[in-house]
Amino acid sequence: MSGLFGAIEAGGTKWNLGTFSADGEAIESARIATTGPEETIGQALAFFAARGAGPGFAAIGIACFGPIELRPGAPHWGYVLDTPKAGWAGTDVVGPFRARLRCPAGFDTDVNGAALAEHLWGAARGCGNAAYITVGTGIGGGAIIRGEPVHGFRHPEMGHVAVGRHSDDRDFPGVCPFHGDCLEGLASGPAIHARWGCSLSELAADHPGRRIIADYLGQLAIMQMALLSCERIVFGGGVLATPGLLDMIRAEAKRRDNGYFGYRDVAEIIVPPALGDRAGLMGGLALAQRALAAQADGQRGG
């Protein structure tokens, strides 16, 4: 196989870009701010065009913030749909890269990409069913079932589920512009700051806010155990950098499980990402590899 792999983690605040060898070895990476679509996509195209001279790109993979269109054959496959990110609704993300780089493109959510990367190379390696959850500016989750990312009418939106309100958190209305006090509205970084005026890690270790957020995220973990029978639940994102938070989530999940789901040790199930903050970009690589393999399968089948 010749050519490079391009990978993009397209987030709502920044895009991480990377080039990889045909064997999947990292070559170069860069980070750009997420501004308007034309500027952001233009900068990303310039990065790859400058580095693909000669061998060209075998494929590119884009792990993108959502909601996005993932249904094969849909007229707007590869587009961002109705998003609160100003200026991005209706943006064709994939098309410019396929046209400029002349290669197949893989496309999925940023969290599905991270889940796939952790399944292939990280904390969920060898697990048939796994979830990756990121808690930061928003809350998102991707799921792997029998080794494949979950798609459907759209894709999982784990941050927008309803959770039971903590007894010390009855009055906060939530910050989600669509649902108010859904999980993202209650436990994301902006929700934390709206209540207490700082990040979770800046609160005192005994501040009740830490227990409240651990309660909500523990509920999300229990949902993954009950609905998907996950072998791993990987928690990442900026809020999870709060010292001790992961252990508090584990304790809350264990309390709510009460031995029912059969897990021997919740600490072995609820884990940090082995790939760290590279999970999303490595997800782009995995999507590129899958796009190339799909093209090869189609050529053999044709």
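Values quoted throughout were computed directly from the atomic coordinates according to the rules given, and no laboratory measurement underlies them. Computed from a prediction, not measured in an experiment: that's the story for all the values here. Cβ coordinates were reconstructed from backbone atoms using ideal geometry, including for glycine residues, and neighbour counts include every protein chain displayed.
The table below lists the values:
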quantity	calculated
The stretch 65-166: chymotrypsin sites (Phe, Trp or Tyr not before Pro) in DSSP coil with no more than 16 other Cβ atoms inside 10 Å	W77, F153
Helix 208-228 axis, angle to the chain major axis (alpha carbon atoms, nearest 10°)	60 degrees
Charge tally in the Cβ shell below 14 Å around R264, where Lys, Arg are +1 and Asp, Glu are -1, R264 excluded	-1
GluC sites (Glu not before Pro) restricted to DSSP loop in the stretch 1-68 with at most 16 other C-beta within 10 Å	E25
Fewest-first ranking of V93, V175, using other Cβ atoms within 10 Å as the exposure measure	V175, V93
Degrees, to the nearest 10: 110-121 long Cα axis against longest axis of the chain	80 degrees
For the chain: Kirkwood Rh in Å [reciprocal of mean 1/r, alpha carbons]	19.8 Å
Relative contact order (%) - the chain, alpha-carbon pairs under 8 angstrom, separation at least six	21 percent
Residue among P149, A251, G128 farthest towards the positive dipole end of the stretch 123-273, charges placed on Cβ	G128
Per-residue Cβ neighbour rank within 10 angstrom, fewest leading, H193, H160	H193, H160
Estimated [θ] at 222 nm from DSSP helical runs (n ≥ 4, -39500 (n - 2.57)) normalised by residues in the chain, nearest 500	-11000 deg cm²/dmol
The chain, dipole about Cα centre (Lys/Arg Cβ +1, Asp/Glu Cβ -1), debye to the nearest 20	400 debye
Crossing angle, helix 37-51 versus the chain [Cα axis fit, 0-90 degrees, rounded to tens]	60 degrees
Derived scalar couplings ³J(HN,Hα) [the stretch 168-183; Karplus, 6.51 cos²θ - 1.76 cosθ + 1.60; whole Hz; x for Gly, Pro]	9, 9, 7, 9, 5, x, x, 10, 5, x, 9, 10, x, 9, 5, 4
Positive-end residue of G236, A117, C176, charge dipole of the stretch 109-256 with Cβ unit charges	A117
Net charge contributed by nearby residues that have their C-beta within less than 14 Å of I212 (K/R +1, D/E -1)	-2
Share antiparallel - DSSP beta bridges, the chain, percent rounded to 5	55 percent
At most 10 other Cβ within 10 Å, DSSP loop - trypsin sites (Lys or Arg not before Pro), the stretch 44-147	R102, R146
Protection proxy ranking, peptides 280-288, 239-247, average beta carbon neighbours within 10 Å, highest first	280-288, 239-247
